[in-house]
Amino acid sequence: IWIHADPVSRNDPNISSEINDMISTILDIGKNLSDIVGAVDQTQPLPPASTQKFLQKTLVPALVLTDHKKTFTNKYYNSRFDLAKTISAMVNASDNGYNHVTDQASNLTVAATLLARSLYTLATGSPAPEGLMAEQQSVTHMLYCFLISPNCDLFKQVIPPAREAFDDLASQKSPYPFYVSVYGQINNVTRIIQRLLTHYIGTVEKNHTESCTSSEKASLQLYNYLWMAGPLNSDNKTRTVTCVKSRVTQTKAYSPAFEITDYNGWGGFQYSTWTESSWATNALLLRVFLIPSKAMETSILSGGVILTLVSMVLIYFLNKKADILFAHPRPSSL
């Protein structure tokens, strides 16, 4: 893991000092975690990241953590992290892979632990407890469910306790698509991430019937309530339905350019925007015309010329010998 900082922000002595303290803290924590972290040269610009949008407004001490030290080339349409085979997250087929700890699961567990302990130390000013660490089995399960098959036990725990939800998971033969389109309806990945966050950081309600059946109550408070199918019972057939309370919510993810009245930043590209065309399945009519190769065209033309010449010779011969070939039979005498 490589730590990047903005060289322009370092021109301010106070901010530069804070950045150095943050980097030093992360490096110290990383030494106890297989020494997996390092800092890039101070003069190196920040890689593409949302941090740059904040720095456009004001200089703040900010760090960007990446898995590359300098430049890299993304060979994939979306992200290389969307494919299990490109990040060493392929599974062992012996147990369907759900519980198989891959190399990437191990790496992400260490990286998550590093980030958690760093945030704790920077926020509190105290050393993070040794017990603060990511759970490798949870990371393994999430990698499998997102990159291999959504039809997994973790997703089954957090989906609504409805037959339609289970049938939808069972019908998934491939991972949910991570494609980011223009603003529209909520996709499956967004829904499942909200439920996973609720599952991990929320609390189970005891009086779940009253809480989870009142959508008006949930909308007027700081908490959201979600029904979840829950974990498998000892019979491995039924589940304990739970109501989970959390502060996890959703927000509209689209450019501020579409919210600001009389927005005049189109020319300066103040906010990123893009458009996308979608077509109905019956909107296009396709006709395919096949053009033969030059060799085939020559063969067809030559064959036609030869056939024409042979036909003309045959007709000439038939016409010349018509009296013989088509002679009328003589009347027989009595």
### Query
How far is it, in nm, from the label point at L33 to the one at W2 when both lie 7 Å from their Cα along the line to the Cβ?
1.9 nm
## Note on the structure
From the cross-link list K53/K75; K85/K173; K156/K252, the entries with a Cα-Cα span beyond 19 Å are K53/K75; K156/K252
### Task
Determine the sum of side-chain charges near A89: Lys and Arg each +1, Asp and Glu each -1, restricted to other residues whose C-beta is under 12 angstrom from that of A89.
0
### Message
Taking the Cα centre as origin and putting +1 on Lys and Arg beta-carbons and -1 on Asp and Glu beta-carbons, what dipole magnitude results for the chain, to the nearest 20 debye?
### Response
1320 debye
### Query
So what's the angle, to the nearest 10 degrees on a 0 to 90 scale, between helix 136-147 and the longest Cα principal axis of the chain?
30 degrees
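Rounded to the nearest 0.05, what FRET efficiency is calculated for D21 and I201 with R0 set to 25 Å and r the Cβ-Cβ distance?
E(calc), rounded to 0.05, equals 0.35.
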#### Entry: Helix-derived mean residue ellipticity, 222 nm - over the chain, DSSP H n ≥ 4, -39500 (n - 2.57), to 500
-12000 deg cm²/dmol
### Query
To the nearest 0.05, how large is the calculated FRET efficiency for K85 and A49 if R₀ is 35 Å and r is the Cβ-Cβ distance?
0.85
### Summary
Ranked by GNM mean-square fluctuation in the chain (Cα springs under 10 Å), the top entry among S311, S174, S17 is S311
### Task
Please label the shape of the stretch 1-72 as rounded, prolate or oblate, based on the square roots a ≥ b ≥ c of the eigenvalues of the alpha-carbon gyration tensor (a/c under 1.5 means rounded; beyond that, a/b larger than b/c means prolate, else oblate).
oblate
### Task
Note the angle between two axes, namely the Cα long axis of helix 13-31 and the longest principal axis of the Cα atoms of the chain, as a number of degrees from 0 to 90, rounded to the nearest 10.
80 degrees
### Query
Angle between the Cα long axis of helix 103-124 and the longest principal axis of the chain, 0 to 90 degrees, nearest 10?
40 degrees
### Task
Apply 1/(1 + (r/R0)^6) to the Cβ-Cβ distance of S311 and K173, taking R0 = 56 Å, and write down the FRET efficiency to the nearest 0.05.
0.40
### Query
Isolated Cys in the chain by the 4.7 Å beta carbon test?
none
### Task
Return, for the Cα atoms of the chain, the radius of gyration and Dmax in Å, separated by a comma.
34.9, 138
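Local charge sum around L232 (other residues, Cβ-Cβ under 9 Å, Lys/Arg +1, Asp/Glu -1)?
+1
Each value in this text was obtained by applying a stated rule to the coordinates, not by laboratory testing. Predicted, not measured: the structure shown is a model, and the values here were computed from it. Using ideal geometry, Cβ is built from the backbone for each residue, glycine included, and neighbour counts are taken over all protein chains shown.
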